[in-house]
């Protein structure tokens, strides 16, 4: 009877270890290395940049620009009409307090595509 009783106990222990490991891996995947105040600052930076872009760049351009901020580093992505808009967006992003660096990944639309808009 003892041998029979140990097998379910052993399986229960293995199951408990597997569940514990799964929870630990899931929790680590959800954690961020940013403090809550840094996360708020990044969100504020993104909001300020989008607001400035909305007032300084035409509305159709704004919908084509994605702004992402992580640890004060801003990444601009999307497509703009011309090189001037690309430079302008970068200048606007860099002017916001708290921005440490701007990665300008904006692409300039081909002349035919921007003429169609």
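The values are calculated or read from the model by the stated rules, or taken from the named source; none is laboratory data. Keep in mind that what you see is a predicted model, and the values were worked out from it rather than measured. No Cβ is skipped: glycine too gets one built from the backbone with ideal geometry, and neighbour counts run over all protein chains shown.
Points worth noting:
- Within the range 68-88, the residues that satisfy the criterion of being part of a helix (DSSP H, G or I) and surrounded by 15 or more Cβ atoms within 10 Å (Cβ to Cβ) are 85, 86, 88.
- Verdict on residue 77 being touching a strand residue (DSSP E or B) at 6+ places or on another chain (Cβ under 9 Å) and modelled with pLDDT of 95 or more: yes
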